[in-house]
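**Q** Got a structure for you, questions after.
The values are calculated or read from the model by the stated rules, or taken from the named source; none is laboratory data. The shown structure was predicted, so the numbers you read here are calculated from the model rather than taken from an experiment. A quick note on method: Cβ atoms are made from the backbone with ideal geometry, for glycine too, and the neighbour counts reach across all protein chains shown. Accessible surface is based on the protein model in full, side chains and every heavy atom, while ligands, DNA and RNA are left aside. Shrake-Rupley method; radii C 1.70, N 1.55, O 1.52, S 1.80 Å.
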Amino acid sequence: MPKLKNEDGKSIHSIQTSGYEFTTEREGIRFPLQSITGIGKQVAHRIVDERMINGSYYTFVDFCRRVKSIGLNRKTIANLVKAGAMDAFEWNRSTLLQSIDRALEFVDFAEDIGTLFHSGEGDFRFADAVPFTKLEELEYEREMTGFYLSGHPLSHYAHVASVRHPKTILQVLALEVANSAWVAGRADVVTTIRTKNGQTMAFLQLSDETGEMEIVIFPEVYRHVYDAFMKGNIYSSKVKLNKGANKSRFLLVKCSI
């Protein structure tokens, strides 16, 4: 989990201000575009260089026109939208995503007939699209960057998780003695394996706003909870720190959705 993010909760990538490396702004840390899936160093430099040479991207259509001329395709634009890098245009991400093909066709048509762009963009019509829910936005952010950037799904279930007064993952990871504690988080990865005796056990990767942790679920516990574990679900889990000679690990004691 990234510890650096903007205090205003907005995207930490921006086609208007992201540079070649991490940069510091008043609100927080601005991430480079190349940290987005499918946006390699070369592509990121093209976007930034174009902006530095010819100025900020005025509109979504203006961006599509200018990056098309430097070789960026629909998928690249879609990844930028999903990561929140185009939030500066003040259209919701769903509308921008559904309007990419329309914008690229508009660019081709306008260029064919020689339309002056800034005077002719008023003819462009964005697609009608239902805005993403906050949870959908967060899932796209994780898909594009590996992290939840503008929040965490757990915050939408805080009223449920708080019943057991859970500790944060950061607090649980700081435990130094073999105590038990309740922790709430999202199941990002659930991996099952077979033991030498043919029994099934699992490893659960749980995350919250403060970090992530791996929880070991031994067969005797797994057989009671296996039908509840699904990637993406929110769980309150009672874990116990097991300090071994070579490695410490957290074992699942109890679990509830």
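**Q** Going 7 Å from the Cα of Val216 along its beta-carbon direction, which residues of the stretch 166-201 have the amide nitrogen within less than 19 Å of the resulting point?
**A** Answer for this model: 172-183, 189-201.
**Q** Suppose R0 equals 41 Å; then what is the FRET efficiency for Ala178 and Thr17 from their Cβ-Cβ distance, rounded to the nearest 0.05?
**A** Using R0 = 41 Å, I get an efficiency of 0.30.
**Q** Right, next: Taking +1 at the Cβ of each Lys and Arg and -1 at the Cβ of each Asp and Glu, which of Val190, Ser236, Tyr222 sits farthest along the dipole of the stretch 162-257 towards its positive end, judged by Cα position relative to the Cα centre?
**A** Tyr222
**Q** Counting Lys and Arg as +1 and Asp and Glu as -1, what is the net charge of the other residues whose Cβ lies under 14 Å from the Cβ of Lys75?
**A** With Lys, Arg at +1 and Asp, Glu at -1, the neighbours total +1.
**Q** Residues with beta-carbon under 11 Å from that of Tyr57, excluding Tyr57: net charge, scoring Lys, Arg +1 and Asp, Glu -1?
**A** +1
**Q** Could you point to the label whose value was computed as Kirkwood radius over Cα pairs in Å for the structure here, given [x] 19.6; [y] 18.7; [z] 20.8?
**A** The value computed from this structure is option [z].
**Q** Residue farthest toward the positive end of the dipole of the chain, with Cβ of Lys/Arg at +1 and Asp/Glu at -1: which of Ala85, Gly28, Ala202?
**A** So the residue we want is Ala202.
**Q** Below 8 Å between Cα atoms, with a sequence gap of 6+, how large is the relative contact order for the chain in percent?
**A** 14
**Q** Suppose we keep just the DSSP beta bridges with both residues in the chain; what percent of those would be antiparallel, to 5?
**A** Within the chain, antiparallel bridges account for around 90 percent of the total.
**Q** A further question follows. Per the 1.4 Å probe, what fraction of the accessible area of the chain, in percent, lies on carbon and sulfur atoms?
**A** 51
**Q** What dipole magnitude, in Debye to the nearest 20, does the stretch 139-257 give about its Cα centre under +1 on Lys/Arg Cβ and -1 on Asp/Glu Cβ?
**A** Rounded to the nearest 20 debye, it is 600 debye.
**Q** Then there's this: What does the charge count near Ala184 come to, summing +1 for each Lys or Arg and -1 for each Asp or Glu among other residues with Cβ under 15 Å from its Cβ?
**A** +1
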